[in-house]
Amino acid sequence: MEVLAGSVESPPSILGGNGRWLFDVDQRRQQEVGGVAINGKYLNGAFRRASCEGGWGGGYDRRMLNPDEIRPLLKQWVIKVMPHESGDVFIEELCFIDKARRADLVHANGKLSAFEIKSQADTLIRWVGQQEAYLACFDEVWLCCHSRHLVKALEVSATNVGILVFDDFAGMVMVRKARSNKKQEKFHLTGFLWREELDRLARAHGVAVRSKDLIKTVRRLVSDALPLEVIRTFVLAVLKQRYA
């Protein structure tokens with residue numbers, strides 16, 4: 001485990017844990033390489049040395065980033081690494097699980113990828129419960145955390161949850177790629193839909209619902225009657241149209 005050495009002319013680069021994705025500190029380039037992984041505890045040291053040397057455009061302002069500052073960096077990373085075509089959307093602070101949970105960022109392309117952000121000031125105390133909620137609703141789940149949380153994040157996160165690490169100088173790296181989630185629950189997926197949308201989905205597939213039915217009743221009828229893939233595809237299309 002190491003961070004690649006660099007100089008003012010050739011800044012150090014960080015590789016994700018799978019040895020494939022490489023990002024320069026200034027996020028100007030991306031390429032595929034192999035054979036080296038990162039150790040999160042060395043991230044800050046590498047960036048700090050670079051900043052003190054005044055390289056790469058005058059160095060970086062080392063300070064604690066908050067979630068609102070991290071989110072644009074995360075969007076940049078997603079666009080570089082994931083398919084992002086016309087019609088694909090980002091959704092900020094999307095409520096789910098009956099509005100009891102809120103995803104910091106969701107990327108809707110051919111699937112729903114959700115990201116939870118944990119800044120340096122945060123802890124991972126609530127993450128175990130949060131990730132179970134995420135896994136009930138999204139195709140892919142990612143934890144994007146400050147480097148100080150990396151060891152704990154790897155300990156407490158499900159093995160199919162992706163791990164992204166950032167530091168105080170806006171560097172971001174993939175430590176572990178998210179894998180397809182098999183724990184989605186149909187009822188919780190229907191929670192993304194408004195009543196009009198639920199009725200439209202029910203009518204399209206011959207599910208009998210009444211106008212006087214409570215929305216939770218309609219959600220239960222739809223989730224009991226329809227396959228997961230039908231609901232998932234409809235929810236994805238609705239969210240992309242709603243937030244376009």
Taking only the alpha-carbon positions of the range 186-242 and ignoring solvent, what does the Debye formula give for the base-10 log of I(q)/I(0) at q = 0.25 Å⁻¹? -0.99
3J(HN,Hα) from dihedral phi, the range 93-99, Karplus parametrisation 6.51/-1.76/1.60, rounded to Hz, x for glycine, proline: 6, 7, 6, 8, 6, 6, 6
Can you put Ser86, Ser223, Ser147 in order of Cβ neighbours within 10 angstrom, beginning with the fewest? Ser86, Ser223, Ser147
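Please order Glu132, Glu116, Glu155 by the number of other Cβ within 10 Å, starting at the fewest.
Ordered by Cβ neighbours within 10 Å, fewest first: Glu155, Glu132, Glu116.
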Note, ³J(HN,Hα) from phi for the range 229-244, Karplus 6.51, -1.76, 1.60, rounded to Hz, x at Gly and Pro: 5, 5, 5, 4, 5, 5, 4, 4, 5, 5, 5, 5, 6, 5, 9, 5
How about Lys183: which lysines have a C-alpha closer than 30 Å to its C-alpha, ignoring those fewer than 8 places off in the same chain? Lys75, Lys80, Lys99, Lys111, Lys118, Lys152, Lys216, Lys240
Exposure proxy check: Trp194, Trp77 ranked by fewest other beta carbons within 10 Å? Trp194, Trp77
Diffusion constant of the range 67-176 at 37 °C, which comes from Stokes-Einstein with the Kirkwood Cα-pair radius and 0.692 mPa s, µm²/s: 235 µm²/s
What residues have an amide H closer than 5 Å to that of Arg176, excluding those fewer than 5 places away on the same chain, when H is modeled at 1.01 Å from N in the peptide plane? Gly17, Ile163
Both in Å, the radius of gyration and Dmax of the C-alpha trace of the range 83-135 are 12.3, 38
Can you give me the relative contact order of the range 186-242 as a percent, contacts being Cα pairs under 8 Å and 6 or more apart? 49 percent
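Values in this text are rule-based calculations from the coordinates and carry no lab data. These numbers come from a predicted model, not from an experiment. Backbone-built Cβ (ideal geometry, glycine too); neighbour counts: all protein chains shown.
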